[in-house]
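Take a look at the structure set out below.
The values are calculated or read from the model by the stated rules, or taken from the named source; none is laboratory data. Quick caveat: nothing in here was measured; it's all calculated off a predicted structure. Here the Cβ is made from the backbone with ideal geometry for all residues, glycine too, and neighbour counts use every protein chain on show.
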Amino acid sequence: MISRRRVISILAGAAALPMLGSAASASVVNWRGIALGANANIVLDHPNAELLLDKALLEIARLEKVFSLYQANSQLSVLNREGELKVPAVELIDLLNISDRIYQETDGAFDPTVQPIWALYAQKYAAGSVPNQSEIDAVRAKIGWSNLSVSPEMISFNKPGMALTFNGIAQGYIADKVAGLLRQEGVDNVLVNTGEISAIGFSPSGAPWPISLANGGRKLELTNAAIATSAPTGTFFDLDGTVGHILDPRTGLPSGQWQSLSVIDKSAARADGLSTAFCLMNKAQIQAVSGAHEVMFGAPTSV
């Protein structure tokens, strides 16, 4: 099955930790694994790093049971399958509120109800065919942020066949939650990379966390900030590599005005959602979105 997980163009400088020396490494844990289907990395500098890492991994696992599209019993999967979810997790309500703000700010370029159209493309290309316009139009009728009802007691769809995906924002949200958990535990310095990065404090060398953008090789230094990158052609539906995985919820078509685009913000969730939407927007539209974020543009693309 084709995965909607994008190829992340961010490589944490923490990969060079062995070069930091024995003095720094005594209290440093550098964990690598998988979270929400993406490569993940936590670099934790603390005397109780091993114990705190266990807590962080339990938090990732807990949140995957809320947001995963691939765990049949996750809250998101139940909602998509049944059309409603009673007593949703607080985190699910929280992420829907964050998503709503980004939806409004980007005039619908970011819309988690895009999942049915993505599923159509995945199924068609996996079967060796291409979705035609009538099929796309039929599925587009199931998309619409206004057709989602949300309360602390229940989330429900107002149209049959609707479905949500948080693959354009959940990685950043989980990075925020894990970083927040560790800060509550007294951690001042940690890098959390769950596909998007939250960099708290400083690296074990005492300098800001070094980040390299794989596309273009730009070097950054982050402290108490987050970064997310989206690339329309980071993953393809077709074997020829011509149909990118970011679909415009407003048209139902593959799109993308930038080969890659990165956003820096205090919140990894916000950086994640904005980077997803900004791929579908021109520079003037992007610059019209207010906030403290910083945008790093890749080359324009004709996708």
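Annotations for the structure displayed:
- Restricting attention to the stretch 141-176, the residues that are out of contact with any strand residue (DSSP E or B) (no Cβ under 8 Å at 6 or more places or on another chain), part of a helix (DSSP H, G or I) and surrounded by fewer than 23 Cβ atoms within 10 Å (Cβ to Cβ) total 2.
- Every pair of residues 6+ apart whose Cβ atoms lie under 6 Å, when the first sits in the stretch 186-209 and is on the phi > 0 side of the Ramachandran plot while the second is outside any loop (DSSP other than H, G, I, E, B): Gly195/Ala38; Gly195/Gln171
- Selection count where residues are loosely packed, with under 14 Cβ neighbours inside 10 Å and touching a strand residue (DSSP E or B) at 6+ places or on another chain (Cβ under 7 Å), scope the stretch 74-92: 2
- Answer from Gly128, Gly161 - the residue that is at pLDDT 95 or above and small (Gly, Ala, Ser): Gly161
- Boolean, Gln104 is out of contact with any Ser or Thr (no Cβ under 8 Å at 6 or more places or on another chain), under 21 Å from Gly252 (Cβ atoms) and modelled with pLDDT of 95 or more: yes
- Breaking point among (1) outside any strand (DSSP E or B); (2) surrounded by 13 or more Cβ atoms within 10 Å (Cβ to Cβ); (3) modelled with pLDDT of 95 or more, for Val192: (1)
- Yes/no for Ser74 being in contact with an Asp or Glu (Cβ under 9 Å, 6 or more places away or on another chain) and within 15 Å of Thr276 (Cβ to Cβ): no
- Glu196 falls short on exactly one of the conditions (1) touching a Gly at 6+ places or on another chain (Cβ under 8 Å); (2) farther than 22 Å from Tyr70 by Cβ, and that condition is (2).
- From the options Phe202, Phe237, Phe157, residue that is within 20 Å of Pro88 (Cα to Cα) and of a type in the set (Phe, Trp, Tyr): Phe157
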